[in-house]
Amino acid sequence: MRLNKIRKTNRLAGSLLAGLLSLRGAGLFAEDLESIDSRVEALLRKMTLEEKAGQMTQLTLQAVSSQPESVSSRHRLDPGKLESMLSGYSIGSILNVWDAAFTQEHWREVITAIQLAATNTRLRIPVLYGIDAVHGHHYLRNGTVYPHNLGLAATWNPDLVRKIYELTALETRATGIPWNFAPVLDVARQPLWSRFFETFGEDSYLVSVMGVAAIKGQQGEGEVLQHHRVAACAKHFIGYGFPRSGKDRTPAWIPERMLRDIFLPPFQAAIDAGLLTVMINSGEINGIPVHANPKLLTGLLRDELGFEGVAVSDWEDIIKLHSVHRVAESERDAVKQAVLAGIDMSMTPYTPSFHEHLVALVRGGEIPESRVDLSVRRILKLKFRLGLFDDPFPDQGLADRIGSLEARETSRTAARESMTLLKNEAGILPLSKQARVLVTGPGADSLPALHGAWTYTWQGNEESFYPKDTKTIVQAMRESIGAVQVDYVPRSGYSDVQDMNLVLERSRNSDVIVVVAAEKPSVEQPGIIVDLDLPSAQQQLVRVAQSTGKPVVLVLLEDRPRILREIERDTGAILMAYRPGMFGAQTVVDVLFGDWNPSGKLPFTYPRYGASLEPYDHKASERQDLAYAWTAFDPQWPFGHGLSYTRFEYRELSLDKTVMNEDQELTASVTIKNIGNRRGTEIVQWYLSDLYASITPAVKKLKGFTRIELDPGETRRVEFKLDRTTLSFIGLDNRAVLEPGQFEIAAGPLKAGFILK
């Protein structure tokens, strides 16, 4: 296919797409799974081995694109490469973006050209395009960007998360992309890990609740997805968020009981919610790379959890079984191990080498063709469920909804609800709008610091790609209270010492100093760090601000908790803003000056020491200190912590029974009163303690939560129901078990005990 042919067929596709829009409303896509299965089997019988292998191969967009002349060159598909890969190798999936986000128009050109090329193949099988739209369609120039998942988890608002992922799905599908590599369901138990911010935090229950919300938001509830939905991809199955060293893609050592207790529940919940695809952990667990582990990929994922969807590899990870993990003597052997373990699709991603090796392995009798058929059947079924066989092109009817007012307001709401006030000594916040403010720090005038990685570029650090109307914190503050009241000492680098004398000099005319500390946006290997300390240059900046005697407010733009022990004591107020996205600057300002009452709660334990990283659900023995007391667990701030500009009082925690049997349900209830002077949101968190068990129990575990809004003086009774599922745990045989004994339920500072008979 030549380029001019693509352009001509693009014009033809425009009229074709308009006709297809009316067919959507006429029910063209209203198939049931039974009819889809019959269509899959009919197509599978027509396919050659080479065509089947192509469906299992996924290439990056670079593999079918022209090499750019420079970084600023416009992306161009290469018609020859595209025809070679689709017609010659029957490639079934493409992913990724070329270096930086595309415009809406360019995405439509790219996807249309790819799908038109697919119609010229023998069987006309559409291409399944996938992308990492992990906090909005952030590889779209005018797309809506939301806070990263860690900030969303701080909202403790699954309804909001569902709405965000629904809007993300719409904008993603509007550009013709039907598959989103999200959400991350890794439970983040290692704060050093560079992908900590992509998770919903350290607690398995919270990750499960938010993960299910994200999946239902993207996929909806039906068997066949509506045209504004996408297939979700839960990643990374399994244990990726707990590397022993803290460095990305390095070994994890996870006993089976821990794997099932902490890391498995979010994936089980996702599968129960109808999850269509999973991406596999790039690392290894207990010496076995997950991509080559049939016990995990077939025995656990398929046979036990009942997952029937598509399992895709991560970037180049099958090749890495040979080149990095060294469990395969060749790339050919790596393909054999991965496919027999349970991988359906290989993110190769640059060459069709996987295709070539797979065909040779089947021809040589080392992989049965029936095993290939199993994976191809899953892939084709996914394409049918997405409606790609009936209309694989971008939906022009969705184009006007990109960047909608609804999406932007939802992003603003998410940023607001994520704000977590960690400290507010003597009520320093909110600040007076008449105050003279000195602002400094590397995050004060930085757009990347507000957004983090996966924003317009992979690392998110190219400020030139950000929309011109996106504000920094300094800009938002000057617009809010007046430029004359806001002085700004230009930022230093994230680790570079700036002119401290200038800070001292400017502070003389200021009433308060706001230091915006920030972590350099990064992810995966570029985000690897060797310790959790906030960079020393930034700590020095805070100390200089403290030395002025003026009140100091610290704002944190972070991917993970950075140690603040040495500077926390003399800092009056500390606001955790995470990576709040496109409305983050205004939201930070709204909190600082009292236009928004913060309600966020930490979804992780914020450590005080870099070598003391116990999570909130640690074991009782981990509290023992050198003096044989029980105070060793001493985080900077606990999981679930977050202050408000009002105060809430917990009263009258009661149970409807103090003795229950395993077939009964127990109801706990507590009264919450707003005893402050302004309306606020409280997140009522319910924790269960199993006092004695055959496996040493955690000191407590989160089992439920409820968001409530209360006016000053208002009270509300909140209920929580417990049953056998709530009380069970992973026992001696690595299976869920329910044991009689003593339990304790807690809400706020209140506790009540009961007995399970």
Task: Contour excess over end-to-end distance, with Cα ends at residue 693 and residue 159 and 0.36 nm allotted per residue - done: 188.8 nm
- [ ] For the range 44-156, build the convex hull from the C-alpha positions and give me its volume per residue in Å³.
- [x] 119 Å³
TODO: Calculate, for residue 708 and residue 406, the FRET efficiency according to 1/(1 + (r/R0)^6) with r their C-beta to C-beta distance and R0 30 Å; round to the nearest 0.05.
DONE: 0.75
Open item on the list: With N set to the number of residues, divide the alpha-carbon radius of gyration of the range 551-671 by 2.2 N^0.38 Å and report two decimals.
Closed with: 1.39
Open item on the list: Using square roots of five times the C-alpha gyration tensor eigenvalues, list the equivalent-ellipsoid semi-axes of the range 594-733 in whole Å, biggest first.
Closed with: 29, 24, 12
Task: Mean Cβ neighbour count within 10 Å, used as a protection proxy, ranking 707-717, 204-214, 532-542 highest first - done: 204-214, 532-542, 707-717
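Order the peptides 243-249, 361-367, 128-134 from the highest to the lowest mean number of other Cβ atoms within 10 Å of their residues. All intermediate terms of the calculation are to be shown ahead of the outcome.
On the way: 243-249: 18.0, 361-367: 14.7, 128-134: 24.7.
Ranking, from highest mean packing down: 128-134, 243-249, 361-367.
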Task: Accessible surface, per residue, of the chain when the full set of protein chains is kept, probe 1.4 Å, Å² - done: 37 Å²
Task: Listed peptides 524-530, 626-632 by packing density, highest first (mean Cβ within 10 Å) - done: 524-530, 626-632
- [ ] Note down the magnitude of the dipole of the range 119-212 about its Cα centre, charges +1 on Lys and Arg C-beta and -1 on Asp and Glu C-beta and zero elsewhere, to the nearest 20 debye.
- [x] 460 debye
Task: Cα-projected label distance for residue 509 with residue 524, points at 7 Å along beta-carbon direction, nm - done: 4.7 nm
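When the Kirkwood hydrodynamic radius is evaluated over all pairs of different C-alpha atoms of the range 81-128, what value in angstrom, to one decimal, is obtained?
On the way: mean 1/r = 0.0888 Å⁻¹.
About 11.3 Å, per the Kirkwood formula over Cα pairs.
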Open item on the list: At 7 Å along Cα-to-Cβ for each site, give me the label-to-label distance between residue 288 and residue 323 in nm.
Closed with: 2.5 nm
TODO: Equivalent ellipsoid semi-axes for the range 89-243, as square roots of 5 times the alpha carbon gyration tensor eigenvalues: give them largest first, rounded to whole Å.
DONE: 29, 16, 15
Task: Radius of gyration and Dmax over the Cα atoms of the range 38-110, both given in Å - done: 15.0, 48
Open item on the list: If I take R0 = 22 Å and measure r between the Cβ atoms of residue 665 and residue 739 in this structure, what FRET efficiency does the formula 1/(1 + (r/R0)^6) give, to the nearest 0.05?
Closed with: 0.80
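D for the chain, whole µm²/s, Stokes-Einstein with Kirkwood Rh over alpha-carbon pairs at 20 °C and 1.002 mPa s: what number?
78 µm²/s
With the full set of protein chains in place, find how many percent of the accessible area of the chain is carbon and sulfur; take the probe as 1.4 Å.
Details: 13800 of 28200 Å².
Roughly 49 percent, rounded to a whole number.
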Open item on the list: Can you give me the distance in nm between label points at residue 78 and residue 657, each placed 7 Å from the Cα along the Cα-to-Cβ direction?
Closed with: 7.0 nm
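Rounded, prolate or oblate, given the Cα gyration tensor of the range 690-752, with a/c below 1.5 counting as rounded?
Values: a/c = 3.25, a/b = 2.57, b/c = 1.27.
Prolate, because a/c is 1.5 or more and a/b exceeds b/c.
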- [ ] Quick one: plug the Kirkwood hydrodynamic radius of the range 514-605 (C-alpha pairs) into Stokes-Einstein at 37 °C, 0.692 mPa s, and report D in µm²/s.
- [x] 230 µm²/s
Open item on the list: Using only the alpha-carbon atoms, what does the range 624-700 span along each of its principal axes? Please give whole angstrom values in decreasing order.
Closed with: 47, 42, 16
TODO: Work out how far the C-alpha atoms of the range 310-424 reach from end to end along every principal axis, then list the three figures in whole Å, largest first.
DONE: 62, 48, 22
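Please give the contour-minus-distance gain from residue 223 to residue 371: 0.36 nm per residue of separation, less the Cα-Cα distance, rounded to one decimal in nm.
Details: separation 148, 0.36 × 148 = 53.28 nm, distance 2.49 nm.
Going from the current span to full extension adds 50.8 nm.
With a ≥ b ≥ c the root eigenvalues of the C-alpha gyration tensor of the range 465-585, is it rounded (a/c under 1.5), prolate (a/b larger than b/c) or oblate? Working shown, then result.
Numbers: a/c = 1.78, a/b = 1.13, b/c = 1.58.
Oblate, since a/c reaches 1.5 and b/c is not below a/b.
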TODO: Compute the separation of the alpha-carbon centres of the range 240-281 and the range 552-575 and state it in Å as a whole number.
DONE: 30 Å
Task: DSSP-assigned coil residues among chymotrypsin sites (Phe, Trp or Tyr not before Pro) in the range 345-400, each with at most 13 further Cβ atoms within 10 Å - done: 350
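Quickly estimate the mean residue ellipticity at 222 nm for the chain, helices only: each DSSP H run with n ≥ 4 gives -39500 (n - 2.57), and the total goes over all residues, rounded to 500. List each step's numbers first, then the result.
Details: 21 runs with 221 residues, N = 757.
That comes out to -8500 deg cm²/dmol.
As an exercise, find the ratio Rg/Rh for the range 194-246 from alpha-carbon atoms, using the Kirkwood inverse-distance average for Rh.
On the way: Rg = 13.5 Å, Rh = 12.8 Å.
Across the range 194-246, the Cα-based Rg/Rh ratio is 1.06.
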Open item on the list: Net charge within 12 Å of residue 649 by Cβ-Cβ distance, Lys/Arg positive one each and Asp/Glu negative one each, not counting residue 649 itself?
Closed with: +1
Task: Hypothetical label at residue 45: residues of the range 360-386 whose amide nitrogen lies under 18 Å (7 Å Cα-Cβ projection) - done: 370, 373-374, 376-378, 380-381
Open item on the list: Along its three principal axes, how long is the range 115-184 when you only count alpha carbons? Whole Å, largest extent first please.
Closed with: 50, 22, 16
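The values are calculated or read from the model by the stated rules, or taken from the named source; none is laboratory data. All values reported here derive from a predicted model rather than from experimental measurement. When we count neighbours, we look across all protein chains shown, and the Cβ atoms used for this are built from the backbone with ideal geometry, even at glycine. SASA here: full protein model, heavy atoms, side chains in, ligands and nucleic acids out. Shrake-Rupley method; radii C 1.70, N 1.55, O 1.52, S 1.80 Å.
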